[in-house]
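The values are calculated or read from the model by the stated rules, or taken from the named source; none is laboratory data. Quick caveat: nothing in here was measured; it's all calculated off a predicted structure. We place every Cβ from the backbone using ideal geometry, glycine too, and count neighbours over all the protein chains shown. These accessible areas exclude ligands, DNA and RNA; they are computed on the full protein's heavy atoms, side chains included. Shrake-Rupley method; radii C 1.70, N 1.55, O 1.52, S 1.80 Å.
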Amino acid sequence: MTGGHVTQMLERYRVLAIDALLAGVPSGGPHYLYDLVSEYPRRWGKGLRAALCLAACRAFGGAPSVGLNAAVTVELFHNAFLIHDDIQDESEQRRGAQTLHGEYGVGVALNVGNMTNLLALQRLAANRRALGSGIAWRLFEETQLMLRHSLEGQAIEVGWIRDNVCDLDADDYYRMCLKKTSWYTCIYPCRTGILVATGQQDAIDVLDRYGWYLGAAFQIQDDALNLVGDFARYGKEIAGDLWEGKRTLILIDFMRRCTGAERERLLEFLRRTRTQRTAAEVRWLHGRLLAYDCVESARRSARDLAAAAYREGRRALGPAAETEDGRFLLGLPEYVVERSR
């Protein structure tokens, strides 16, 4: 499937899921709540997670209507994560506009994120009526597993920053990435899509390896775009990861290869809080990462992971690889490493 067709299917599934999500957000209520729950979903986005859920559902024999509630659940949890991550990271921009906490304050944003999570839980509960108690309970267990992995991954990443951990290697990054990104971005949507399509509780892990590789490739490309992306398309502040002190694969590579003097300067930079760092220091580090070709090195790793995702996906899908949704799933690895936002 060509990149254009992948993009078209992403948009088709995104519109389907977001329209259903917005239709389920209560109207009225207190000021600064339900209208703001809809804020991030209304902004442009890729809709990758909902698309993975719906495509996996269709590829394994389910109708889109069967998978729609699961796809909306994925999107609600995703948007709650975004709100809370932006607060934790002190991010300034999200999807081309000011972050929710930046515009309305941390207290409002936290509450909106919590309500978004509650709406996701309500969607999970609705599966009992639509799919029966057995599948509904399995969806709850899958969600519990995803949330545990994601929160553990987030704890690892914020812990590295808080404790100024600098003795990391690529394997450390990949372990964090598996938990923080791959589980909730790719593995969970695929597992829930397969579960609602087949009703078979022992066959939902067939795309796990595909999802792990796809999620890691996605995250590395996101790290690269944070440094060299076009803001108008990327939608978040460029070099925000450097201001935050995030231990990306790019930064870990630089730590491994830089000179002693550069390492000392980097360690001093990382010891400071975001508010203590200066634009001049961020520009210096940004320039060093480019000079050492760390961004392109990470992108080569992302392309290798994307190739592995394609191989695992083709193996797992079997005959379904030739369906429209199978081709879409197999086209996603190239898409995630070539995307500009």
* To do: Let me know the charge dipole size of the chain about its Cα centre in debye, to the nearest 20, where only the beta-carbon of Lys, Arg (+1) and Asp, Glu (-1) is charged.
  => 360 debye
* **Of all accessible heavy-atom area on segment 1-70, the percent that carbon and sulfur account for (1.4 Å)** => 54 percent
* Under 21 Å from Lys236, Cα to Cα: lysines that are on another chain or at least 8 residues apart -> Lys46, Lys180, Lys246
* Quick one: compute the contact order of segment 1-124, relative version, from alpha carbon pairs under 8 angstrom and 6+ residues apart, as a percent. => 28 percent
* Structure fact -> One finds, for Leu118 and Ala279 with R0 = 45 angstrom and r their Cβ-Cβ distance, a FRET efficiency to the nearest 0.05 of 0.70
* **Residue-averaged 222 nm ellipticity for the chain, from DSSP H runs of 4+ at -39500 (n - 2.57), nearest 500** => -23500 deg cm²/dmol
* Asked: How far is it, in nm, from the label point at Ala321 to the one at Phe231 when both lie 7 Å from their Cα along the line to the Cβ?
  -> 4.4 nm
* To do: Express in nm, to one decimal, how much length is gained between Leu33 and Gln88 on full extension, taking 0.36 nm for each residue of separation and deducting their alpha carbon distance.
  => 17.8 nm
* **Length released on extending from Val106 to Arg42, taking residue separation times 0.36 nm less the Cα-Cα span** => 21.0 nm
* To do: Could you work out the Kirkwood radius for segment 52-142, taking every pair of different alpha carbons, averaging 1/r and inverting it, reported in Å?
  => 14.5 Å
* **Residue of Trp243, Trp212, Trp160 that the Gaussian network model of the chain assigns the largest fluctuation, springs spanning Cα pairs under 10 Å** => Trp160
* Structure fact -> For the chain, Rg(Cα) over 2.2 N^0.38 Å is 0.99
* Among Ser182, Cys166, Leu207 the positive-end extreme of the charge dipole of segment 164-242 (Cβ point charges) -> Leu207
* Structure fact -> Result row for the chain, helices from DSSP H with C-alpha axial extent 24 Å or more and mean Kyte hydropathy at least 0.5, is 106-131
